[in-house]
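For reference, the structure is listed below as structure tokens.
What follows draws every value from the coordinates through simple rules; no lab data is involved. Computed from a predicted model, the values in this text were never measured in an experiment. When we count neighbours, we look across all protein chains shown, and the Cβ atoms used for this are built from the backbone with ideal geometry, even at glycine.
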Amino acid sequence: MRNVDLSPLYRSFIGFDHLASLLDTANRTEKNGGYPPYNIAAVADDKYRITMAIAGFQDSELEIKSEQNTLIVKGVKAEQTEQTKYLYQGIAERNFERRFQLGDYIKVLGADLENGLLHIDLEREIPEALKPRKIEIGRKLLNKE
């Protein structure tokens, strides 16, 4: 992978440091590779669902946080008291931390754990002031002389 030097952006653009830092983090490889696997689906207009395959985890072993446009999903397996001798272990059940960058005005609606799949529902809520509005023709202007 090619490394890109973004320092010229910091010198010539003001207020875009968040964008440059996003590009920096996108260039780094993730600590845990592809574990756990996940899907992101558009359920409806402005509604999304993240589904993560986390077989073997219970509600109490999961932590979901949303802070500063980042969704953090963390799983910490409880220590097993009995040692099992596996002939083959295909279910990883290892600790993980997965981060998702959220767009502006995306909020987390809730989460549900069902059949080894963690579903996280998201919705984009654009404030009324930022939504397009129709300007009617024929209304009187305030400063018309």
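Fully extending the segment from Arg133 to Val43 would add 29.8 nm, taking 0.36 nm per residue of separation and subtracting the current Cα-Cα distance. For segment 41-145, lysine pairs separated by 8 or more sequence positions, or belonging to different chains, with Cα-Cα distances below 25 Å total 13. What the Cβ-Cβ distance of Asp121 and Val76 gives, at R0 = 30 Å and to the nearest 0.05, is a FRET efficiency of 0.85.
Between segment 74-145 and segment 34-55, how many Å separate their Cα centres? Answer, in whole Å: 9. If Lys and Arg each add +1 and Asp and Glu each add -1, what is the summed charge of the other residues whose beta carbon sits under 14 Å from the beta carbon of Lys107? So the surrounding residues net to -2.
Paramagnetic label reach from Thr51 (point 7 Å along Cα→Cβ; backbone nitrogen cut-off under 19 Å): within segment 106-145, residues 109-123.
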